[in-house]
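The values are calculated or read from the model by the stated rules, or taken from the named source; none is laboratory data. Just so it is clear, the structure is predicted and the values come from calculations on it, not from any experiment. Heads up, the Cβs are rebuilt from the backbone with ideal geometry, glycines too, and the neighbour counts pull from every protein chain shown.
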Ligand code: CP
């Protein structure tokens, strides 16, 4: 069995296998659901979530897992129980895997060695591996490959775990990553070249706009929403400069009219809702990969460079 902390821990063959398995699940439709499975999986979300939480839960239901849903507000963490003791409790109850979102970057390091699989559903400003997987699937469905694509990642680069997970895996896969955003949110740890927003948007095959991570900022944003939109957002004017065939993505939740113009969210170029749909597929494949590594998820028919 395997943990999913960061895509850096997976080989390109394993990532390919998860993407291929997600596509296979899509092709199978409802016949791909497996309701006789009695594996117990717990979802521990210590930070708010809509997409990740409900797509993991949907994925678990489709795989036939028995689900323990946890609310930090009504759990014994309110009485001071630690994350370690909470997860140890899930292990004692018999959970085979836990899906965890937590504000602490690298929270999973304290849990290594426990007898259950851990899937990182977002650790502070660290990583968001299943978001990166669904972003990869969305890009691959569009362009069939990664090598040679130009991907622009724009916005709150310092506090976004999506920016880290996406920029690292896209670079590994041979994409040219362009980064842009306000100076105070620059993150020199990320692989990619810093350019202006206009340059990034005009050169990109894929434009990924990031949510502003207000909850992680030590100081309130100095700019107004309108000023941010005009300087760093995807305005309709900027979108008009995008290359033919290029697409717009956003991990969500989107602040309409700030990171991107509200009309662009559902425009023909946008893959915003496609990304959410793909989230269920990759989370089914990732859960299988983690809990049943001998399943098809780890075996890919494609060579990694072509994923
Ligand atoms: N993209 C993402 O993680 O969204 P949620 O916070 O709604 O899960």
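Worth a mention:
- Contact map, the stretch 116-134: residues that are over 18 Å from residue 87 (Cβ atoms) paired with residues that are in a strand (DSSP E or B) and within 11 Å of the ligand (Cβ to nearest atom), Cβ distance under 6 Å, separation 6+ or inter-chain. Pairs shown: 128/122.
- Leading residue by the ranking (surrounded by the most Cβ atoms within 10 Å (Cβ to Cβ)) among those in the stretch 32-57 that are more than 16 Å from the ligand (Cβ to nearest atom) and under 30 Å from residue 254 (Cβ atoms): 41
- Residue 163 vs. criteria free of Cβ contacts under 8 Å to residues at least 60 places away in the same chain and within 23 Å of residue 54 (Cα to Cα): yes
Listed here are the residues, each with its yes/no results for (1) within 16 Å of the ligand (Cβ to nearest atom); (2) crowded, with 20+ Cβ neighbours inside 10 Å.
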residue	(1), (2)
94	no, no
106	no, no
112	no, no
117	no, yes
130	yes, yes
140	no, yes
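- Wholly within the stretch 7-107, strands (runs of 3 or more DSSP E) carrying at least 2 residues that are modelled with pLDDT under 95: 66-71
Residue-by-condition table, conditions (1) within 17 Å of the chain's Cα centre (by Cα); (2) within 30 Å of residue 145 (Cβ to Cβ):
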position: 19; (1), (2): yes, yes
position: 24; (1), (2): no, yes
position: 27; (1), (2): no, yes
position: 38; (1), (2): no, no
position: 54; (1), (2): yes, no
position: 75; (1), (2): no, no
position: 85; (1), (2): no, no
